[in-house]
1. Take segment 80-90 and flag every residue that is crowded, with 16+ Cβ neighbours inside 10 Å and in contact (Cβ under 8 Å) with a residue 40 or more places away in the chain.
2. For residue 17, state whether it is assigned to a helix (DSSP H, G or I), surrounded by fewer than 19 Cβ atoms within 10 Å (Cβ to Cβ) and either in contact with a strand residue (DSSP E or B) (Cβ under 7 Å, 6 or more places away or on another chain) or in contact (Cβ under 8 Å) with a residue 60 or more places away in the chain (or both).
3. For the structure I just gave you, tell me whether residue 52 is assigned to a helix (DSSP H, G or I), closer than 23 Å to residue 285 by Cβ and in contact with a helix residue (DSSP H, G or I) (Cβ under 9 Å, 6 or more places away or on another chain).
4. Which is buried (at least 24 other Cβ atoms within 10 Å of the Cβ), within 17 Å of the chain's Cα centre (by Cα) and on the phi > 0 side of the Ramachandran plot, of 282, 265, 208, 276?
5. Here is a list: 223, 245. Which entry is farther than 26 Å from residue 14 by Cβ, modelled with pLDDT under 95 and surrounded by fewer than 24 Cβ atoms within 10 Å (Cβ to Cβ)?
6. Taking only pairs six or more apart or across chains, which ones have beta-carbon atoms under 9 Å, a first residue in segment 134-145 that is within 18 Å of residue 280 (Cβ to Cβ), and a second residue that is at pLDDT 85 or above and not in a helix (DSSP H, G or I)?
7. In segment 100-119, what residues are under 12 Å from the mean Cα position of the chain (by Cα) and at pLDDT 85 or above?
C-alpha cells in the first residue's frame, strides 16, 4: 500500500496545487486555459514524439497482448457510450466523450510507475508495446465516433473528410505520427534539437496535472455524480476485467498478463479531459472522472495487484 501511495500521492499533490491556486485566486482561469493549450498542443505532443521516435518497435509486439488490452479498451468505450445514452439520457456527443473515459486509461503517468514498483523495471516491456499505439488507437476511435455523429447526413465522403481533418489537425496524433516516421526511417535528429525537445517534455506532465487541477475547480461534480460514478466504474472495473478474461483465453505470458491488466486498471488519463475539451462536451464528467477515478484507484489497484498475486 505504501508503494502505491508513493506513486499516486505526488500526482494528487500537483493536481491539488492547481486546484487551490485557482480556488484562492492565485492563478486565473484564463491562465489555466493557456496552460492547457500549451500542454495539449506543444508539450505532450513533443513527449509522445520523443518516446515513440526512440522506442524499439520490434521488441515485444505480441498481437495477443495488444488484442487482449485493446478489446477491453474498446469494450469500455462502447459500454460507457451506450450507458451514458441509455441510462443517463445524455446527448450522443456527450456519450462519446463519456465513453472515452472508459477507453483511455492512464497508461503513462500511473501505469508505468506502478508496474515498475510492483514487478521491477524489467517488467515494463509489454507496457511500452501497449503505450506505443495507445493514443493513436484511442483518439482514432473517439474522433471517428464523434465525427460520424456530428456529420450525420453528409454522406461517406463528407464524414470521412471530417474524420481525417480532425485526426490530422490534432497535435497529439501529429506528434505520434512524426515519432513513427522518425523511428521507422532511422532519420537522425540533431543533438541540439533533441535536447530542446527533452526540455519541453519535462514540463509536459507536471504542467498538464497542474492545469487539470485548475480545470477540476471549474468543473466540480455537481449534478453529474451518478454519470461520473458509472464512467469511473467502467474504467476501473469493467475494462481490466475484460482484459483479464482475454489475456487468460489467449494464454499471455505472466509478464504480459500483469502489464495488460494493470494498465487497464489505471484511472482515466488526462487525455479523457483533453478529448472532451477538444469538442466542448461532457467536460465536467471527464475532468471529475480523472480526479475521482485516480482517488478510487488507490483501492482498486491494490485489489487488482492482490488478484495478480503480488
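1. 80, 81, 83, 84, 88, 90, listed by residue number.
2. So residue 17 passes the test.
3. no
4. 282
5. Every option except 223 fails the conditions.
6. Within 9 Å, the pairs are 139/104; 142/104.
7. 100, 101, 102, 103, 104, 105, 106, 107, 111
Listed here are the residues, each with its yes/no results for (1) farther than 19 Å from residue 267 by Cα; (2) touching a strand residue (DSSP E or B) at 6+ places or on another chain (Cβ under 6 Å); (3) part of a helix (DSSP H, G or I).
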position	(1), (2), (3)
42	yes, no, yes
58	yes, no, no
82	yes, no, yes
94	yes, no, yes
97	no, no, yes
101	no, yes, yes
116	no, no, yes
127	no, no, yes
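The values are calculated or read from the model by the stated rules, or taken from the named source; none is laboratory data. These numbers were taken from a predicted model, which means no experiment stands behind them. Here Cβ is always computed from backbone atoms with ideal geometry, including for glycine, and neighbour counts include all displayed protein chains.
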